1. Sort out which residues of segment 36-50 are at pLDDT 95 or above and either under 13 Å from residue 89 (Cα atoms) or assigned to a helix (DSSP H, G or I) (or both), and write them in order of number.
2. With the structure loaded, tell me whether residue 113 is open to solvent by 50 Å² or more (accessible area, probe 1.4 Å), outside any loop (DSSP other than H, G, I, E, B) and closer than 29 Å to residue 134 by Cβ or whether it fails that test.
3. Can you name the condition, by its number, that residue 92 falls short on among (1) touching a helix residue (DSSP H, G or I) at 6+ places or on another chain (Cβ under 6 Å); (2) more than 21 Å from residue 28 (Cβ to Cβ); (3) not acidic (Asp, Glu)?
4. Take the residues of segment 145-158 that are within 21 Å of residue 114 (Cα to Cα) and open to solvent by 60 Å² or more (accessible area, probe 1.4 Å): which is nearest to the chain's Cα centre (by Cα)?
5. Report yes if residue 114 is within 22 Å of residue 19 (Cβ to Cβ) and in contact with a Lys or Arg (Cβ under 6 Å, 6 or more places away or on another chain), otherwise no.
6. Does residue 62 qualify as being at pLDDT 95 or above, among the hydrophobic types (A, V, I, L, M, F, W, C) and either farther than 22 Å from residue 21 by Cα or crowded, with 18+ Cβ neighbours inside 10 Å (or both)?
7. Filter segment 120-134 down to the residues that are of a type in the set (Asp, Glu) and in a loop (DSSP other than H, G, I, E, B) and list them by number.
8. Residues 142, 172: which one is surrounded by 13 or more Cβ atoms within 10 Å (Cβ to Cβ) and aliphatic (A, V, I, L, M)?
Amino acid sequence: NARTHSREGAQAMRENSYTAVIVEMTVRALWETQNTIDCIPDELWDKLYGGAPLWQYLYHTLHKLDQWFIDPGDPGFIEPPIHTPGLDALDAPPPVRLTRRDVEDYFAAIKARLSLYLTSLHDEDLLQRPENCPWTRFTLILSQYRCLHRQIGLLMGLILAETGLRPKTLDLGRELPD
C-alpha cells in the first residue's frame with residue numbers, strides 16, 4: 001500500500017509525551033538548519049535574491065526563530081550582539097554585513113537557548129500562554145516549525161538552483177548523521 005510507511009531501519013523515537021516529540025522534532029529541525037548553513041557556498045553568501053543577500057535570509061530566519069519560539073513579547077528578550085535595527089527585514093538593504101562566523105555563532109546561541117527551554121518544558125505547559133502573549137506555547141512552537149521549514153526550504157531551493165546540490169534532510173526516525 002502506498003499510504004503505509006515501514007519503521008524498518010528506523011531509530012527508536014521517544015513518543016511517550018508531547019514534549020518528548022517536540023524535543024525530537026526540534027533537534028531534527030535544527031540539524032537540518034545547520035546542514036543547510038553548512039551547504040551554502042561562500043560565493044553565494046553575498047549574492048542578492050530579491051534585493052537581499054542570501055545571508056540576510058538566513059539571519060531573518062534565525063532571528064524569527066530566536067524571538068518567536070519561546071515568547072515573542074518577552075520583555076527580557078535580548079537582541080543578539082550582531083543585531084542592528086532593520087537587519088531582520090528583507091525589504092531593505094542590510095545596515096551591516098554579517099560573516100558566516102557571525103551567523104554560526106548566533107545559531108549556536110539559539111540552539112543552546114532552545115535546549116534549555118525545551119528541557120524545562122512539560123506537557124501541561126504546552127497549552128499555557130506566556131505572560132501577555134495571545135498564543136499558547138504549543139502554537140508558538142508549531143508556528144516556528146512552519147516558519148523555519150518554509151525559510152530553510154527557500155534557502156535549500158536557492159542552493160539547489162545555483163549548485164545542483166540538495167542539502168540532506170532527515171527522514172522521520174532515521175539517526176542523525178555524525
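The values are calculated or read from the model by the stated rules, or taken from the named source; none is laboratory data. Owing to the predicted nature of the structure, the values given are computational and were not obtained by experimental measurement. Heads up, the Cβs are rebuilt from the backbone with ideal geometry, glycines too, and the neighbour counts pull from every protein chain shown. Accessible surface is based on the protein model in full, side chains and every heavy atom, while ligands, DNA and RNA are left aside. Shrake-Rupley method; radii C 1.70, N 1.55, O 1.52, S 1.80 Å.
1. Residues satisfying the conditions are 36, 37, 38, 39, 42, 43, 44.
2. When the stated conditions are applied, residue 113 passes them.
3. Going through the list (1) touching a helix residue (DSSP H, G or I) at 6+ places or on another chain (Cβ under 6 Å); (2) more than 21 Å from residue 28 (Cβ to Cβ); (3) not acidic (Asp, Glu), residue 92 breaks only (1).
4. 149
5. Against the criterion (within 22 Å of residue 19 (Cβ to Cβ) and in contact with a Lys or Arg (Cβ under 6 Å, 6 or more places away or on another chain)), residue 114 does not qualify.
6. Answer is yes for this residue.
7. If the condition is that a residue be of a type in the set (Asp, Glu) and in a loop (DSSP other than H, G, I, E, B), then 131 is the only one that fits.
8. 142
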